[in-house]
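Below is one structure, written out as structure tokens, with a few remarks after it.
Computed from the coordinates by the stated procedures, all read-outs in this text should not be read as laboratory data. Please read all numbers here as calculations on a predicted model, not as lab measurements. Neighbour counts are summed over all protein chains in view; Cβ atoms, including those assigned to glycine, are modelled from backbone coordinates with ideal geometry.
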Amino acid sequence: LGGGWISCHGLEDGREASCASQRAIGWHGRMQGGRGGADGRSVSHSKLWRTTTAPGDQLGWSRLERTRRIMRPTPAALALTALIASGMLAARVEGTGQYYQLNTEAELNRWVAHDPAVTGALDIHFHGDPDSNYDRNFVDETNPEGRTGQFDILDAAKIAKASGMRGFVFKSKRLDPTPLAYLARKLTPGLEVFAAMSMDRPFRMNPDAVNFMANVEGGWGRVIFMVAEDAAVKGREPARSVPVSKNGELLPETKAVISLIAKTRTRGSNGELVMATGHNSPSDCLLLVHEASRMGVKHMVLTHPGADWTIAQLQEAVNLGAYVEITALSSFVPVERQGGKVNPVTFKRAMEVIRAIGPDHIIVSTDMGRMHSGAKLAGNPTSPQAFALAAKVLRAEGITERQISTMFKDNPARLLGLPVLSGTAAHQEPGFGLGQLFVKK
């Protein structure tokens, strides 16, 4: 019932169609009935799962075309959505003077399908599989298998393209995902997919890691996080920390990595690298930005700075050429522990930053894709869904369409060295709706 759709795969020899059921990632229920196969016989559906099309089983383009040909909205799907989805997902998005009650995932998908903010959006911060859960426990009631990602990168690419997004940056704190970006681009032509590597414990601020990433075929490794998960911040064990500085000075290896970011061009695409400040303290991040500016780094972003940053510090970084990242995950997506509402503290802070710094210096990303968010977020939305939610909230706060486009599309393009496109440059594939990507059996 993804947006009121059921997807079945017809077989060319006329045998009974089989319904897709690859990965359970959300709510469950029960349903009987279904729609006919290619020869008119019925298909039964015994469980209701929120799943995605798994590339390992049915990503072959011929089968995808088969899926498109026989996709039809069903009255049973629409009726069941109306009857049960309000109990499955009740996410409230509260803004000044307006109140949004999100009753169904179908409603959220309609927002995505018709929201100009989603079309052409570039998500500079997205997580997913494959990734490593070596030192993290992702198991909870919504994720009994302990998966790290809500989707893998190939599913995420299909969803992004179907929604009309321009592309995304696939981030890993433990791996170099550059080869994955290369494959995702081959399977979803026209979608801008980049990779982001973090200087955490597997790499430990290693200049060689930057060189290897930049020289992967295609050159789609583009962003270097200057330590994320293992940043040397207060309360973190020294044995699992990767410091960037000592006694107020950047370490030699940190400067070496920044120097490479400034001068390296990626193989094949000749792209310029991006420095993201990571999860370091405000003082360390400012040291990074000052050094990067001195060395000639052209593309810099403060990684979702929190409440420990002052507006003056943010402005200092902006004056040196850095963008300020605000994530939908932290500021605009409804949270279950907040009674299905946006977190009021982080939301208020985000609006304060937007108004003080100005949309011309801000990038809104999603930071979505991780399974361990499932118990915290109302519905665990996808990247395009998170963009649609963020756009609704921002409009309610008086942010204009032009300003939203600047933060969702133009500034991310500049950060990644892409041309800024006028209007809505990305388009949904003809006849290819989001419902096909939210298959429920």
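What the table shows:
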item: Burial order of peptide ranges 187-193, 235-241 (average beta-carbon count within 10 Å, highest first); result: 187-193, 235-241
item: Cut-off under 5 Å, modelled amide H: who pairs with Ser172 long-range; result: Ala196, Ser198
item: Surrounding net charge for Lys298, when Lys and Arg each add one and Asp and Glu each subtract one, Cβ distance under 15 Å; result: +3
item: Virtual spin-label span in nm between Asp360 and Arg236, 7 Å along Cα→Cβ; result: 3.4 nm
item: Peptides ranked, highest mean first, by Cβ atoms within 10 Å: ranges 180-186, 115-121, 309-315; result: 115-121, 180-186, 309-315
item: Added length on full extension, which subtracts the Cα-Cα distance from 0.36 nm per residue, Glu253 to Ser269; result: 3.1 nm
item: Gained length - Ser283 relative to Lys186, 0.36 nm times residue gap less alpha-carbon distance; result: 30.9 nm
item: Calculated from backbone phi, Karplus (6.51, -1.76, 1.60) coupling profile of the stretch 191-202 in Hz, x at Gly/Pro; result: 8, 7, 10, 10, 10, 10, 10, 10, 7, 7, 3, x
item: Additional length obtainable on full extension of the chain from Glu141 to Ala396, 0.36 nm per residue less Cα span; result: 88.4 nm
item: Spacing of the two label points (7 Å from each Cα toward its C-beta) at Lys246 and Glu352, in nm; result: 3.6 nm
item: Across Lys173/Lys263; Lys171/Lys298; Lys186/Lys392; Lys186/Lys348; Lys158/Lys392, pairs whose alpha-carbon gap is larger than 30 Å; result: Lys186/Lys392; Lys186/Lys348
item: Approximate spin-label separation Glu217-Tyr134, in nm, with each point projected 7 Å along Cα-to-Cβ; result: 2.6 nm
item: Order by protection proxy (mean Cβ within 10 Å, highest first), peptides 414-420, 320-326, 383-389; result: 383-389, 320-326, 414-420
